[in-house]
Each structure stands twice: as C-alpha cells, then as structure tokens.
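Comments concern the structure below.
The values are calculated or read from the model by the stated rules, or taken from the named source; none is laboratory data. Because the structure is predicted, anything quoted here is derived from the model rather than measured. Reconstructed Cβ throughout: ideal geometry from the backbone, glycine too, with neighbour counts over all protein chains shown. Quick note on the areas: whole protein, heavy atoms, side chains included, nothing else; ligands and nucleic acids left out. Shrake-Rupley method; radii C 1.70, N 1.55, O 1.52, S 1.80 Å.
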Amino acid sequence: MSDFKGILIGMLVVAVLYMLDRYLPRWFGAIPGASFLGFIIYIVFTKEVSLLSIVTVLLVGEAVLNGIWIDALVNRKRKMKKEVATMKAKDLLRK
C-alpha cells in the first residue's frame with residue numbers, strides 16, 4: 001500500500017505543478033527544478049546512495065519538471081497567438 005501512496009502523492013505533486021506553471025508567471029517553472037536539484041544534492045551529501053541511482057533520479061526528475069514547464073510555456077504561447085488572431089479578425093470585421 002505504501003508504493004501506491006507514493007505514486008499517488010507523486011501524481012498529485014505533478015498535477016499541482018502543472019496547474020501552477022499554467023497560471024503563474026513564466027519564471028515560476030524554474031523554481032521546482034532548482035529546488036529538486038538542491039534536494040538531490042542534499043541527499044548525495046547526507047546519505048549513502050549509489051551515484052548511478054541518484055544520477056538516474058536526477059535526470060528523470062529534471063526531465064519531468066522541465067517538460068511540464070516547457071509544455072506550459074508552449075500552451076501559453078499558442079493561447080496568446082490564438083487570442084491575437086481573434087482580435088485581428090474582429091478588427092478586420094469592424095472596418
């Protein structure tokens with residue numbers, strides 16, 4: 001049951017990060033990646049873990065966090081282009 005709980009908490013964190021990246025300022029997406037990097041560095045220096053496993057966790061974690069951030073940026077850009085196109089179309093109709 002504890003594995004399921006860990007997966008559920010991870011999914012909840014990813015969902016919250018996705019929503020925050022979508023609605024907060026653009027620079028906010030860098031904060032989770034930087035804090036994750038700091039957490040992994042802390043783990044390396046305080047606990048005895050194999051270097052290969054910690055590097056794997058670091059790469060996968062950063063890929064997920066930065067992927068969410070980049071996806072939110074692309075969605076924002078797409079939404080803004082759509083809004084600009086709609087405004088241009090309304091302007092052309094008024095003339």
Exercise for review: Please find, within the range 45-84, the residue that is farthest from SER35 (Cα to Cα) out of those that are open to solvent by 60 Å² or more (accessible area, probe 1.4 Å) and small (Gly, Ala, Ser).
Suggested key: SER50
Practice item. Restrict the check to the range 71-94 and report whether at least one residue is of a type outside the set (A, V, I, L, M, F, W, C), touching a Gly at 6+ places or on another chain (Cβ under 9 Å) and under 20 Å from ASP21 (Cα atoms). Key: no
Check your understanding: Where in the chain are there helices (runs of 4 or more DSSP H), lying fully within it, with 1 or more residues that are of a type in the set (Phe, Trp, Tyr) and out of contact with any Asp or Glu (no Cβ under 6 Å at 6 or more places or on another chain)?
Key -> 2-23, 30-46
